[in-house]
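Here the structure is laid out as structure tokens; the discussion comes afterwards.
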Amino acid sequence: MAGTPLHGVRPSHLLKVRPVLEWWADFMRRLAREWAPVRYGSKRDCPWWHLERTSVGFLSATIWENGGEAIEEYGTDKKNKSRSRRSEIGYTQRGRGDLMFCVNKMWSKENSFVAEAKQTYPSINATFKQLKKRVEDRLGKARNDSSRTQRYGYTRLGLLFLCPYTSNREPTTAEIRDWIRNIIKVAEELRADLAWSFPRIAQDLSDEDTGDHKDYFYPGVALLVKPLRAKNKAY
């Protein structure tokens, strides 16, 4: 796998969501090409240099751009996190869902999803075992949050945005490809859908360019998506 691509999609269960993931990976590349160069004295930037809420917003924009519809931060009932098996079970409280969307403007059970998201920042030089453990933890929390959200008959999803980093130096292309190979393997073992984008123009972008002066490099982003109940069903 020496030629592991810097942009790609590896589908698993979510066949209907694959076009969205393809558009998302391309959207990340297009925005990086627009934002990462130095333009008229402005600071360099990339879409994954922001927080989880912003990442969900970019995914929502991708859904609209691909012919679907999406609602972010919508009001919904959520099951309360019970502190014991005998207390508060089944109790609901008013909260907010991260993302509700349909893939083709038809809000049917087959085409619609409710999703909860997390974002994490692993080292680009983490071992496969370390990366898998982190993904299992964060993606598990996203799916657990999704299980508490009212589903409206739609498929529940957990979303995990990953922004790997190096410190004090620019990552090499070989390191980036190694990390991509690891996350592909993690996604395969966890039976999750995966999309990723690592534009070359962003490889040398550090947070010194954004004014934070910490000298961390975040060369790209990956998105893992897994339904609450995967089993052998394709969506």
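Rule-based calculations on the coordinates, nothing more; no lab input. Every value quoted in this text rests on a predicted model; they were computed, and no experiment measured them. So basically every Cβ, Gly included, is an ideal-geometry build from the backbone, and we count neighbours across all protein chains shown.
In order along region 151-159, phi translates into HN-Hα couplings of 9, 6, x, 8, 7, 8, 10, x, 10 Hz, rounded to whole numbers, per the Karplus curve 6.51 cos²θ - 1.76 cosθ + 1.60 with θ = phi - 60° and x for Gly and Pro.
Rounded to the nearest 10 degrees, the inclination of helix 128-148 to the longest alpha-carbon principal axis of the chain is 40 degrees. Compared with the alpha-carbon gap, the fully stretched path from Ser147 to Asp207 is longer by 18.1 nm at 0.36 nm per residue.
Put a dot 7 Å past the Cα of Phe128, heading toward its Cβ, do the same for Glu65, and the two dots end up 3.3 nm apart.
Here's how it looks for Asn104: its modeled amide H is under 5 Å from those of Glu69, which are all 5 or more places away or on a different chain. Helix 173-190 and the long axis of the chain differ in direction by around 10°, with both axes built from C-alpha atoms. Of the chymotrypsin sites (Phe, Trp or Tyr not before Pro) found in region 151-202, those in coil by DSSP whose Cβ has at most 14 other Cβ atoms within 10 Å are Tyr152. Note on the chain: Kirkwood hydrodynamic radius from all Cα pairs is 18.4 Å, rounded to one decimal. Taken about its Cα centre, the chain carries a charge dipole of about 1300 debye when Lys and Arg each add +1 at the Cβ and Asp and Glu each add -1 at the Cβ. The shape of region 87-165 can be summarised by an equivalent ellipsoid whose semi-axes, obtained from the alpha carbon gyration tensor, come to 28, 18, 10 Å from longest to shortest.
Computed from backbone phi with θ = phi - 60° and the Karplus coefficients 6.51, -1.76 and 1.60, the 3J(HN,Hα) list for region 115-120 is 9, 10, 10, 9, 9, 9 Hz; x is used for glycine and proline. Taking one quarter of the surface of the convex hull spanned by the alpha-carbon atoms of region 100-235 gives a direction-averaged projected area of 9.4 nm². Taking the longest Cα principal axis of the chain as reference, the axis of helix 52-65 is set at about 80 degrees. Once divided by 2.2 N^0.38 Å, the Cα radius of gyration of region 1-75 becomes 1.28.
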